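Colleague: Take this structure first; my questions come after.
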Number of protein chains: 2
Amino acid sequence: MPKLSTAKGLREIQLADNIFSALAHPTRRQILLSVHYRGVCNAGEIASRFDCSWPTTSRHLSHLVKAELLWVQSSGRERIYRANTRLIQSVLQQWTQYFE
Amino acid sequence: MPKLSTAKGLREIQLADNIFSALAHPTRRQILLSVHYRGVCNAGEIASRFDCSWPTTSRHLSHLVKAELLWVQSSGRERIYRANTRLIQSVLQQWTQYFE
DNA sequence: TATATATTTAGCGTATTGGCTAAATATATA
DNA sequence: TATATATTTAGCCAATACGCTAAATATATA
């Protein structure tokens with residue numbers, strides 16, 4: 001378990017905080033899965049797959065980016081998203097282990 | 001991945017929703033770990049370990065119970081909590097696998 | 001350069017969350 | 001039975017979350 005008393009522990013806690021709050025919304029979980037399975041997606045592709053408006057999806061995307069669960073990259077006027085699969089897995093695995 | 005079109009899938013989605021929203025709060029994650037490591041805890045023991053008021057902790061507890069991450073059992077005037085380690089692990093593992 | 005396209009940001013309104021204190025409930029003890 | 005103890009529930013309030021539409025920004029195309 002991370003310790004509040006070390007810089008590393010603090011960062012880990014902050015990370016967990018962002019990640020679990022990002023995963024708390026069903027649409028965000030879906031976005032994450034969807035981007036993961038497709039490998040790469042631009043904002044429009046993602047937005048088109050969900051019921052909510054594009055701006056709303058856009059905010060979900062920035063939430064996920066802030067949590068470092070997604071990476072963005074600009075390409076012309078498009079924004080390319082990719083899932084940070086390694087982080088997602090490592091955090092989930094880590095927390096699985098806490099309960100072993 | 002669970003499907004919205006089947007009863008089982010729907011239940012799984014609902015489960016994930018409760019679980020991830022329960023895990024979204026740092027205090028609730030701490031409670032969960034704390035109860036897990038101690039094996040069994042009554043409400044007072046748990047409440048005493050956190051900064052927030054007992055009623056606030058109590059609400060966190062019911063949130064966790066609703067998500068089935070904790071089990072409660074009454075014993076006299078005490079309420080005994082236990083972590084549903086199996087569920088926690090299976091959900092986290094499941095989601096880890098989605099990203100494999 | 002003017003316009004179209006891709007996307008985010010701003011701003012607003014409502015719903016939910018999470019904190020608190022006080023009150024209620026249930027059980028144990030004197 | 002009256003009181004003390006353990007705990008939850010009720011009710012209030014401020015902050016946050018999340019939906020929307022309209023506006024802003026950045027890049028591509030005519």
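The values are calculated or read from the model by the stated rules, or taken from the named source; none is laboratory data. Keep in mind the model is a prediction, meaning the values are calculated, not measured. All Cβ positions, even for glycine, are placed from backbone atoms using ideal geometry, and neighbour counts span all protein chains on display.
Colleague: Name the residue that is farthest from DNA strand C (Cβ to nearest atom), counting only residues in region B:35-60 that are hydrophobic (A, V, I, L, M, F, W, C) and within 14 Å of chain A (Cβ to nearest Cβ). Break it down stepwise before answering.
Modeller: Taking region B:35-60 and keeping what is hydrophobic (A, V, I, L, M, F, W, C), we get B:35, B:40-41, B:43, B:46-47, B:50, B:52, B:54.
When the remaining residues are screened for being within 14 Å of chain A (Cβ to nearest Cβ), the result is B:35, B:50.
Details: B:Val35: 16, B:Phe50: 9 Å.
The selected residue is B:Val35.
Colleague: Could you please find all residues in region B:52-67 being part of a loop (DSSP other than H, G, I, E, B) and either in contact with a His (Cβ under 6 Å, 6 or more places away or on another chain) or within 17 Å of A:Phe20 (Cβ to Cβ) (or both)? Before you say what the answer is, go through the steps one by one.
Modeller: Looking only at region B:52-67, we keep the residues that are part of a loop (DSSP other than H, G, I, E, B), and these are B:52-53, B:67.
The answer is B:Ala67, and nothing else.
Colleague: For region B:1-51, name all the residues that are under 21 Å from B:Phe99 (Cα atoms), assigned to a loop (DSSP other than H, G, I, E, B) and away from DNA strand D (no atom under 12 Å from the Cβ).
Modeller: Scanning region B:1-51 gives B:Met1, B:Pro2, B:Lys3, B:Leu4.
Colleague: State the number of residues belonging to region A:54-79 that are over 15 Å from A:Leu15 (Cα atoms), within 12 Å of DNA strand D (Cβ to nearest atom) and of a type outside the set (S, T, N, Q).
Modeller: 9
Colleague: Would you confirm, using the coordinates I've provided, whether B:Phe20 is within 14 Å of A:Trp95 (Cβ to Cβ) and either in contact with a His (Cβ under 8 Å, 6 or more places away or on another chain) or among the aromatic types (Phe, Trp, Tyr) (or both)?
Modeller: Details: within 14 Å of A:Trp95 (Cβ to Cβ): yes; either in contact with a His (Cβ under 8 Å, 6 or more places away or on another chain) or among the aromatic types (Phe, Trp, Tyr) (or both): yes.
When the stated conditions are applied, B:Phe20 passes them.
Colleague: Sticking with this one: Could you check how many residues of region B:61-100 are more than 14 Å from every other protein chain (Cβ to nearest Cβ) and β-branched (Val, Ile, Thr)?
Modeller: Total satisfying the criteria: 3.
Colleague: Return yes or no: is B:Leu4 within 15 Å of the chain's Cα centre (by Cα) and within 13 Å of chain A (Cβ to nearest Cβ)?
Modeller: Details: within 15 Å of the chain's Cα centre (by Cα): no; within 13 Å of chain A (Cβ to nearest Cβ): yes.
When the stated conditions are applied, B:Leu4 does not pass them.
Colleague: Quick one: would you say B:Ile80 is hydrophobic (A, V, I, L, M, F, W, C), away from DNA strand C (no atom under 11 Å from the Cβ) and in a strand (DSSP E or B)?
Modeller: Details: hydrophobic (A, V, I, L, M, F, W, C): yes; away from DNA strand C (no atom under 11 Å from the Cβ): yes; in a strand (DSSP E or B): yes.
When the stated conditions are applied, B:Ile80 passes them.
Colleague: Checking the structure you have, find out if any residue of region A:62-74 is loosely packed, with under 14 Cβ neighbours inside 10 Å, more than 16 Å from the chain's Cα centre (by Cα) and at pLDDT 95 or above. Don't jump to the end; show me each part of the working.
Modeller: Of all residues in region A:62-74, those loosely packed, with under 14 Cβ neighbours inside 10 Å come to A:62, A:66, A:73-74.
Now restrict to residues that are more than 16 Å from the chain's Cα centre (by Cα): A:74.
Applying the additional criterion that residues be at pLDDT 95 or above yields A:74.
There is at least one residue in region A:62-74 that is loosely packed, with under 14 Cβ neighbours inside 10 Å, more than 16 Å from the chain's Cα centre (by Cα) and at pLDDT 95 or above.
Colleague: Suppose the filter is in a helix (DSSP H, G or I) and surrounded by fewer than 18 Cβ atoms within 10 Å (Cβ to Cβ); does A:Gln97 pass it?
Modeller: Working: in a helix (DSSP H, G or I): yes; surrounded by fewer than 18 Cβ atoms within 10 Å (Cβ to Cβ): yes.
The answer is yes for A:Gln97.
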